[in-house]
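Q: Have a look at this one.
The values are calculated or read from the model by the stated rules, or taken from the named source; none is laboratory data. Since we're looking at a predicted model, the values are computed, not measured. Cβ placement follows ideal geometry from the backbone for every residue including glycine, while neighbour counts extend to all protein chains displayed.
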Amino acid sequence: MSAVAAAASATSTGEAVQFWILGTVAVIGALATILMKKAVHSALSLAGTMIILAVFYLANGAYFLGVVQVIVYTGAIMMLFLFVVMLVGVTAADSLKETIKGQRWLAVLCGLGFGILLIAGIGNASLQHFNGLGRANSAGHVEGLAQLIFTRYVFAFEVTGALLITAAVGAMVLTHRERTERAATQRELSERRVREGVQLPPLPAPGVYARHNAVDVPGLLPDGTPSELTVSKTLRARGQVRDVSGEALADLKALERRSAERLGREEASK
Amino acid sequence: MENLIALLVAAPLLGAAVLLCGGRRLDRAGHWLGTLLAAASFGIGAALFADMLGRGADDRTMRQHLYSWIPVEGFQADIAFQLDQLSMTFVLLISGVGTLIHVYSIGYMEHDERRRRFFGYLNLFLAAMLLLVLADNYLLLYVGWEGVGLASYLLIGFWQHKPSAATAAKKAFLVNRVGDMGLSIAIMLMFTTFGTFAFRPVLASAGETSEGMLTAIGLMLLLAACGKSAQVPLQSWLGDAMEGPTPVSALIHAATMVTAGVYLIVRSGAIFNGAPDAQLVTAIVGAVTLLFGAVVGCAKDDIKKALAGSTMSQIGYMVLAAGLGPIGYVFAIMHLVTHGFFKAGLFLGAGSVMHGMNDEVDMRKYGGLRRYMPVTFVTFGLGYLAIIGFPGLSGFFSKDRIIEAAFAKGGTEGWILGSVALLGAAITAFYMTRVMLMTFFGEKRWQPAPDADAAADVEPSAGHRPGEMPHPHESPKSMTVPMIVLAFGSVFAGGFFAIGDRFLNWLEPVTGYEHGHPPVSALTVTLATMAVLAVGVAIAWAMYGRRPVPVTAPRGSLLTRAARRDLLQDDFNHVVLVRGGEHLTRSLVYVDHSLVDGVVNGTAASVGGLSGRLRKLQNGYARSYAVSMFGGTAILIAATLLMRAV
Amino acid sequence: MNPVNYLYLAALLFTIGAAGVLIRRNTIVLFMCVELMLNACNLAFVAFSRMHGNLDGQIIAFFTMVVAAAEVVVGLAIIVSLFRTRHSASVDDASLMKL
């Protein structure tokens, strides 16, 4: 307990070193968040910044909050972000070219003005004197928090509970898609295929060469050209089709040559 | 006896109601009913007069409170009557002359199919006029004031099929509105100053009020009097009002209604006594009108318009006298009464002449009528002698006293006013002699009746055929008898009033009296009046008696031509008021279009333009909005820091 | 070292996050920047908590996390449904709120 109080009220050299190193990293992470072209890189940079913030919480004596920061933010929220990024397309890179006239200048101007004013305000405030958390944590850190949450802030606590539930329901409602028509049956699907006259039988399987999983390799038509139909639409859209037709055609030519040689030899032996 | 006062008003009012609502079934007896009720009013008035004479001089005021009209805390308007010597004089004059003129109208309007309606209007006028003089407060007086205005409007425009009559009625109505505005403002001022508008409290406390307020009230009352009594500058309607039937001209526009302004001023004497400036203005207005009317009367060839100019001039005398204060009030009223007799008589005589001459009004087409209409000639002649102030007749006494009082005003003002009054007497003698000579003397200048087109434009009571030479004849008894009665009044009233100061003693308790001190003796004034009278008559005789009168009017001098156009009063009104009004409205429209609309449209345009620019900020990009928010936050922080730093 | 430095760091991170909101178009990155700003605030709260010697700041930071979690859940759901209908994750494509 005394160690906790000491950590809360003192600013040791170790903490100073830790602040300057990790603070620099945190700022770099933040800058990377806003400057990375790909959303996934941004998310990872932000996760790093958040972990550093968790360390700072611990350094400031907010142990519970530090742990929560790691679990909730880095563990849950950032993973949610990553999940959505994956859903939207992980490889899509944003263009950082500004399209609104004057927006970037204004943003930089406002940002600089705001930051300078904020820092000037903090410097202006008389905050030199500080107390440390020794007395507040006298009954134990988590116990102290619990006492506050369940006494003075109990209504706010209950209301945030309601807020969370509402948010969960809201997310479900927003992402849920109501089916407005009956799903087509097998029979209806087959009848439609016949009516439209395209691809009556099932799609042909991809070309399978017993070397590796060849789901991205199109099957070849009798003349050796690849058939697009044999590869999944998604792979086609991503341009991830591995065309092996050239190789196959070369194999075919070699086979013909070999067979021609053999036949020629046989004719010659006759 | 007090309870009879309301009946004075009620009798003619009943007649008006019955006659106007009764419909055609009353056509045959309507005029008798109207005349009877007018006579009843006169009878009641006479009974009250007898009762009043039986009382002491200080006990003669009778009051009758009928009911509270508008009983509100702090604002009491009563239907209440006050009959004192002044009101009594008017009651007798109005109902007496009114009854005579009702009788006269029976004959004069015989051929008019709307005679019943005419009598209804006449009764309405009598009721309103009696209400005016009997009211015991200014608000009720205002009711009567508007009532006579309405009756006047209806009667001037009685022959409404003539556009000129309809226009004249509208003109009279509009000009009267200007004056009425003055009366209503005066009543409002009284209410704010005295907290009431009943005669007794207002007049009793007038002495304790500031002179400025009294002057304001007095000038507003004078404006009202100018409108109703056709005084300069609101005189323009009276000449045109002669478009009405002649009995109307005699009753309303000569004897009674036009004198209401004089009544108002004399009644409000206490207010004017406390406001010397208002009094002086009143006297000046009277003097100017006196000359104005006389000059107009000299130039007119239309007999009724000549008499109208004379009326204006004589009322000018009364207003002048009323403006002199206590030295003149009594004589104003005395001249009013005698004028009521002789001017009504003159108008009735003129009506009689027109009746005999196919409704011809141009005196240049009369001439030599004395042999054909002896009764008319004699009564008209007596009226003529009375108005010019022939010694011994009514006008002599009343006018002489006014001239004397004008000199007695004292100082330069007195001399000027007195001289003007004297000059007016000379001009009166001139134009009245001219009327007399052109109508009854000289050779016959009769013309055939106008043709059919023009005939539609003259009075429909005529019953003559176009192209026919007139056959002058004496009028029926119903017309001559009132003329004879009025002629008696014209001859004897003045002497009866003046000798022994009867009228003065009668009226003094109400109006007060001060004996003025004229700079010259009364005898000198009388002699001077006689002298100018003789000069006026002589000039007229030289111009119209010795020489034949041309049928078509000569071009005349500049003054004559101006006077024929009523001394350019309508032109003045047109240029100053109508043109001015047009320019004002035009410039207001311009201001409205350029300035008001400009501001409105400019605001709209600038808002529109600004919005057009601001909407570019509204580009739909959330990030742009975020920049604004962020910038705003930065500004907030800056403001906070600044406030802390200060 | 003065613990006020934590506040400077928080201010810096917050400003970087705000600038990121202004210059990036990808909704997901935008969201990350918002999270960065929230975390910067949390850091400031924790630092204040230590300075003033009471736990209220930590409680506030705790609530901020909860609210942020709720916000992320709903926000990502919105992004997903937006992406489904528009096939785009750019905020500039959702610029229909203009004339």
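Q: Identify, please: which residue in the range A:212-224 is surrounded by fewer than 11 Cβ atoms within 10 Å (Cβ to Cβ) and within 33 Å of the chain's Cα centre (by Cα) and is, among those, modelled with the highest pLDDT?
A: The selected residue is A:ASN213.
Q: Taking the stated definitions as given, is B:ILE427 outside any loop (DSSP other than H, G, I, E, B) and closer than 23 Å to B:PRO276 by Cβ?
A: No.
Q: Residues that are under 30 Å from C:ALA77 (Cβ atoms): which helices (runs of 4 or more DSSP H) entirely in the range A:169-270 hold 3 or more of them?
A: Answer list for the range A:169-270: A:233-238.
Q: In addition: Might you check whether a residue that is farther than 14 Å from B:ALA425 by Cβ and either free of Cβ contacts under 8 Å to residues at least 24 places away in the same chain or in contact with a His (Cβ under 9 Å, 6 or more places away or on another chain) (or both) occurs anywhere in the range B:389-401?
A: yes
Q: So, one more: Is at least one residue of the range A:140-159 more than 8 Å from chain C (Cβ to nearest Cβ) and acidic (Asp, Glu)?
A: Scanning the range A:140-159 turns up at least one residue that is more than 8 Å from chain C (Cβ to nearest Cβ) and acidic (Asp, Glu).
Q: Of the residues that sit in the range B:349-378 and are of a type in the set (Ser, Thr, Tyr) and buried (at least 24 other Cβ atoms within 10 Å of the Cβ), which one is modelled with the lowest pLDDT?
A: Here the residue is B:TYR366.
Q: Would you confirm whether or not the range B:516-533 contains a residue that is closer than 30 Å to B:VAL91 by Cα, of a type in the set (Gly, Ala, Ser) and part of a helix (DSSP H, G or I)?
A: No; the residues of the range B:516-533 include none that is closer than 30 Å to B:VAL91 by Cα, of a type in the set (Gly, Ala, Ser) and part of a helix (DSSP H, G or I).
Q: How many of the residues in the range A:77-99 are within 7 Å of chain C (Cβ to nearest Cβ) and among the aliphatic types (A, V, I, L, M)?
A: 6
Q: I've got another one for you. Considering the range B:220-242 alone, what residues qualify as being surrounded by 24 or more Cβ atoms within 10 Å (Cβ to Cβ) and more than 16 Å from B:VAL178 (Cα to Cα)?
A: B:GLY239, B:ALA241, B:MET242
Q: Additional query: List, please: which pairs have Cβ atoms under 7 Å, are six or more places apart or on different chains, and start with a residue in the range B:83-106 that is crowded, with 23+ Cβ neighbours inside 10 Å and end with one that is charged (D, E, K, R)?
A: Hits for this filter: B:LEU86/B:ARG267.
Let's see how each residue does on (1) facing chain A (nearest Cβ under 7 Å); (2) closer than 30 Å to A:LYS101 by Cβ:
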{"site": "C:MET1", "(1), (2)": "yes, no"}
{"site": "C:TYR6", "(1), (2)": "yes, no"}
{"site": "C:ALA10", "(1), (2)": "no, no"}
{"site": "C:ARG24", "(1), (2)": "yes, yes"}
{"site": "C:VAL34", "(1), (2)": "no, yes"}
{"site": "C:LEU43", "(1), (2)": "yes, no"}
{"site": "C:PHE48", "(1), (2)": "no, no"}
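Q: If you don't mind, there's one more thing I want to ask. Quickly run through the range B:3-45 and pick out the residues that are out of contact with any helix residue (DSSP H, G or I) (no Cβ under 7 Å at 6 or more places or on another chain) and under 20 Å from B:LEU130 (Cα atoms).
A: B:ASN3, B:ALA6, B:ALA10, B:ALA17, B:LEU36, B:GLY43
Q: Kindly indicate whether any position in the range A:148-167 is touching a helix residue (DSSP H, G or I) at 6+ places or on another chain (Cβ under 6 Å), within 30 Å of C:ALA69 (Cβ to Cβ), at pLDDT 85 or above and assigned to a loop (DSSP other than H, G, I, E, B).
A: Yes, the range A:148-167 contains a residue that is touching a helix residue (DSSP H, G or I) at 6+ places or on another chain (Cβ under 6 Å), within 30 Å of C:ALA69 (Cβ to Cβ), at pLDDT 85 or above and assigned to a loop (DSSP other than H, G, I, E, B).
Q: Turning to a different aspect of this structure: Given (1) surrounded by fewer than 18 Cβ atoms within 10 Å (Cβ to Cβ); (2) not in a helix (DSSP H, G or I), where does B:THR192 come up short, assuming only one miss?
A: It is condition (2) that B:THR192 fails.
Q: Can you say whether B:TYR590 is within 14 Å of another protein chain (Cβ to nearest Cβ) and of a type in the set (Phe, Trp, Tyr), as far as the supplied structure shows?
A: No; evaluated as a whole, the condition is false for this residue.
Q: Consider B:THR603 carefully, then state whether it is over 42 Å from the mean Cα position of the chain (by Cα) and modelled with pLDDT of 90 or more. First the steps, then the outcome.
A: Numbers: over 42 Å from the mean Cα position of the chain (by Cα): yes; modelled with pLDDT of 90 or more: yes.
In short, yes.
Q: Okay, moving on. Step by step: first the residues of the range B:12-57, then only those that are more than 22 Å from B:GLY144 (Cβ to Cβ), small (Gly, Ala, Ser) and in contact with a Phe, Trp or Tyr (Cβ under 9 Å, 6 or more places away or on another chain), then the one that is surrounded by the fewest Cβ atoms within 10 Å (Cβ to Cβ). Which residue is that?
A: Going through the qualifying residues, I end up with B:ALA57.
Q: Does B:LEU610 meet the test of being more than 9 Å from every other protein chain (Cβ to nearest Cβ), modelled with pLDDT of 90 or more and out of contact with any strand residue (DSSP E or B) (no Cβ under 6 Å at 6 or more places or on another chain)?
A: yes
Q: Restricting attention to the range A:145-154, does a residue exist that is touching a residue at least 60 places away in the same chain (Cβ under 8 Å) and either assigned by TED's automatic domain parsing to the domain that holds A:VAL68 or out of contact with any Cys (no Cβ under 8 Å at 6 or more places or on another chain) (or both)? Let's see the steps before the verdict.
A: So in the range A:145-154, the residues touching a residue at least 60 places away in the same chain (Cβ under 8 Å) come out as A:145.
Keeping just the survivors that are either assigned by TED's automatic domain parsing to the domain that holds A:VAL68 or out of contact with any Cys (no Cβ under 8 Å at 6 or more places or on another chain) (or both) gives A:145.
Among the residues of the range A:145-154, at least one is touching a residue at least 60 places away in the same chain (Cβ under 8 Å) and either assigned by TED's automatic domain parsing to the domain that holds A:VAL68 or out of contact with any Cys (no Cβ under 8 Å at 6 or more places or on another chain) (or both), which makes the answer yes.
Q: Then there is this: If I ask for residues that are at the interface with another protein chain (Cβ under 8 Å from one of its Cβ atoms), assigned to a helix (DSSP H, G or I) and under 27 Å from A:GLY14 (Cβ atoms), which ones from the range A:33-71 would you list?
A: Selection gives A:LEU46, A:THR49, A:MET50, A:LEU53, A:PHE56, A:TYR57, A:PHE64, A:LEU65, A:VAL68, A:GLN69.
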